[in-house]
Amino acid sequence: MANVNEWFKNRVAVLATMHQKERAIAPVLESELGVKVQVPANFNTDFFGTFTREIKRLGTQIEAARLKAEKALEITGETLAIASEGSFFPHPAFPFVSCDREILLFLDKEHNLEIIGQEISPETNHSHKTIKTVQEALDFAQKVGFPEHGLVVMVSVKSTDHEEIFKGIDTEETLIEAVETALRKSPDGTIHLETDMRAMYNPTRMKVIEIATHNLIKKIHQQCPQCFCPGFDLVERQSGLPCGLCYAPTSLILLDIYQCQRCNYREEKRFPEGKETADPAQCIYCNP
Ligand SMILES: [Zn+2]
Ligand SMILES: [Zn+2]
């Protein structure tokens, strides 16, 4: 099927979420692929791990998304599912800046396909603080885009008890109330405050999920040149781009290898960054 839409058109795509991610994902998938997105009722993704850590996430981010997608298919009996999973980590170059990595996993049991789209963005309000007073809480709230972005108040960063965690706070009144309650329960007079990273409480994250969805669509449209299977994707990168001065291989990327997950056809793309030689500054001989 040379036309990508013939693979998915009019099929039901089950979206494994309970955090209203369909607001970012569904319109894109429906208009670009012609699928009908459905969110299963009572699908509890917290079972797979929560941002507030009272339930640990199982495995890696991709494994977690795969588990969610499999579960959604099992519950609904459908053959096409999408799951999304986010994680937050320090920026590799600026450790005090957080990054948001959003992945979207597209699982098609009918064609035996798994395609992953992702977006890594420094656009996030992901942040936390230990505080002692209501005023400190209000100051923190102002810095992280409250009340459009929700907050979580915890008696301690290690709290796992539901009585000690207040999530989805999105008004000043409930914030003050939660902070006062937590301060009363705190044994040492300090409490933990953090941004609520669940999509429906975090419009900035919702935007990144939407970009990841567009990236997924792009990936789906990358078709195998031999069998037209969607999701013809990068599987390996090889370094060795020659130095522009002495032609010795450097650690920069020389070629990307793409592979079809259906027929295993492979294709090499040389000079993926658009340059045929490396800056001698990157060469261990010219710039030891
Ligand atoms: Zn193929
Ligand atoms: Zn050189």
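The values are calculated or read from the model by the stated rules, or taken from the named source; none is laboratory data. Given the structure is predicted, the values throughout are model-derived calculations rather than measurements. Ideal geometry is used to build each Cβ from the backbone, glycine not excepted, and the neighbour counts take in all protein chains shown. These area figures cover heavy atoms from the full protein model, side chains too; ligands, DNA and RNA do not enter into them. Shrake-Rupley method; radii C 1.70, N 1.55, O 1.52, S 1.80 Å.
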Subject >> Inter-centroid distance (Cα atoms) of region 66-102 relative to region 1-29, Å >> reply: 16 Å
Subject >> Choice from Leu107, Leu138, Leu15 showing the highest fluctuation, given a GNM over the chain with Cα pairs closer than 10 Å >> reply: Leu138
**OP:** Have a look at Ala26, Ala93, Ala64 and tell me which one the Gaussian network model of the chain (Cα, springs below 10 Å) gives the largest fluctuation.
**Re:** Ala93
Original post:
region 254-288: which GluC sites (Glu not before Pro) are DSSP loop and have at most 15 other beta-carbon atoms within 10 angstrom?
Top reply: Glu273, Glu276
Subject >> Environment charge at Glu177 (Cβ cut-off 14 Å; Lys +1, Arg +1, Asp -1, Glu -1) >> reply: -1
**OP:** Provide the packing ranking of 225-234, 34-43, i.e. peptides ordered by the mean count of other C-beta atoms within 10 Å per residue, highest first.
**Re:** 225-234, 34-43
Original post:
For the pair Ile284 and Glu177, how long in nm is the line joining their label points, each one 7 Å along Cα→Cβ?
Top reply: 6.3 nm
Original post:
How big is the accessible area of Thr250 in square angstrom, nearest 10, if you roll a 1.4 angstrom probe over the protein chains?
Top reply: 10 Å²
Original post:
How far, in nm, would the chain grow between Asp233 and Lys158 when pulled straight, counting 0.36 nm per residue and subtracting the alpha carbon separation?
Top reply: 23.0 nm
Subject >> Gaussian network model of the chain, Cα within-10 Å springs - most flexible of Ser127, Ser156, Ser31 >> reply: Ser31
Original post:
Relative to the Cα centre, what is the charge dipole magnitude of the chain, using +1 at the beta carbon of each Lys and Arg, -1 at the beta carbon of each Asp and Glu, and rounding to the nearest 20 debye?
Top reply: 540 debye
Subject >> Estimated [θ] at 222 nm from DSSP helical runs (n ≥ 4, -39500 (n - 2.57)) normalised by residues in the chain, nearest 500 >> reply: -8000 deg cm²/dmol
**OP:** Please list 110-116, 204-210 highest first by mean number of surrounding beta-carbon atoms within 10 Å per residue.
**Re:** 204-210, 110-116
Original post:
Whose amide H sits under 5 Å from the amide H of Val37, counting only residues 5 or more places off or on another chain, with H placed in the peptide plane?
Top reply: Ala13
Original post:
Which FRET efficiency value, to the nearest 0.05, is calculated for Asp139 and Glu273 with the Förster distance at 51 angstrom and r the Cβ-Cβ distance?
Top reply: 0.70
Original post:
Quick one: which of Lys207/Lys275; Lys9/Lys71; Lys71/Lys219; Lys143/Lys167; Lys68/Lys129; Lys129/Lys207 span more than 26 angstrom between C-alpha atoms?
Top reply: Lys207/Lys275; Lys68/Lys129
**OP:** Hey, could you grab the Kirkwood Rh for the chain? Inverse mean 1/r over distinct alpha carbon pairs, Å, one decimal.
**Re:** 21.5 Å
